[in-house]
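First the structure, in the form of structure tokens, and then the observations on it.
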Amino acid sequence: MTDGALDAGEGDGPGPGGVAPAATGVVPGSEGAALLQLRGLAKSFGPVRALAHVDLDVPAAQVTALAGDNGAGKSVLIKTISGLWEPDEGQILWEGRPVHLHGPKEAEMLGITTIYQDLALCDNLDIVQNMFLGHEPLRHGLLDETTMELAAKQTLEDLAVTTVRSIRQPVASLSGGQRQSVAVAKAVMSKAKLVIMDEPTAALGVSQTSMVLGLVRRLADQGVGVILVSHNLNDVFAVADRIAVLHLGRLVASGPAAEFDRQVVVDFMTTGASTRASVVVDHPGSLRD
């Protein structure tokens, strides 16, 4: 663990089910309160430049939608933020402090949780066991099942997850939307301050999609920053406070969702530009070579 990562919030936050507070001087939901800042982030794989000097601010208590066509660099960007890959150039600032992430564990200790499409849940375990997996509390050398059940139940209630029959229900028996709910609750349980969700509504039906989007909105309302990666523009405009668009590894547009419409986003996704709106990137340096 690097000193930068340790300084940036290790040990902050309340107990299970709570939302960890932002660092001093950063008020969740306040204008200009950037939880995560990317400056000049670049990443290449051999001759292929996957990210080209990306500048992006992700505020606390807001949903930032990350849009882009296949190959735009969305997966590379979120894997860099989550510590899976180190950038070749640029800087990551967490709560205003530079950090150097050398693995997902370091990102998680800061409060950055990534929920990938496979959700990383264990089908053979129940909801409680999945939510506490790797962080089980002990009492007299044994699992403290009572504490685990109470904390899991309270976290699901705080997120308004009401569709599961029992918190002891095996994950294998859950629907896609319910599994997403468990993954999000697990992130909240780990005191996540930023939750990155990779295509959370892919392959879900209408009612399950609505449930997951409601969950995304409640996360932000509780003070958690959310990065929502999605190809579905209906989902994006349903919950996003801000929209950022990648095209061929470059951030070509970012700003409040109210400044975009669907056609403008499609323009930026497919060509990297749009003549239909005056949307500009927050940091013009994102477009430099």
task: For residue 79, list the lysines whose Cα falls under 16 Å from its own Cα; do not include residues on the same chain fewer than 8 positions away.
output: 43, 105
message: I'd like the distance separating the alpha-carbon centroids of segment 193-209 and segment 212-255, in whole Å.
response: 11
Label-point gap, in nm, between residue 203 and residue 231 - each point 7 angstrom along Cα→Cβ: 1.3
statement: Filtering trypsin sites (Lys or Arg not before Pro) in segment 152-203 by DSSP loop and by at most 13 other Cβ atoms within 10 Å leaves 165, 168
Fully extended contour minus Cα-Cα distance, from residue 172 to residue 139, at 0.36 nm per residue: 9.1 nm
task: Please give, to one decimal in nm, the separation of the simple spin-label points placed at residue 158 and residue 222, each 7 Å out from Cα toward the Cβ.
output: 0.5
query: Expressed in nm to one decimal, what extension gain is obtained for the pair residue 273 and residue 123 from 0.36 nm per residue of sequence separation less their Cα-Cα distance?
result: 49.6 nm
message: Starting from the 7 Å offset along Cα-to-Cβ, what nm value, one decimal, do you get for the label separation of residue 147 and residue 100?
response: 3.6
In order through segment 95-108: 3J(HN,Hα) via Karplus (6.51 cos²θ - 1.76 cosθ + 1.60), integer Hz, x for Gly, Pro: 6, x, 10, x, 10, 10, 9, 10, x, x, 4, 5, 4, 5
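FYI, it's all coordinate maths here, none of it is from the lab. The structure presented is a predicted model; accordingly, all values stated were derived computationally and were not measured. Neighbour counts are summed over all protein chains in view; Cβ atoms, including those assigned to glycine, are modelled from backbone coordinates with ideal geometry.
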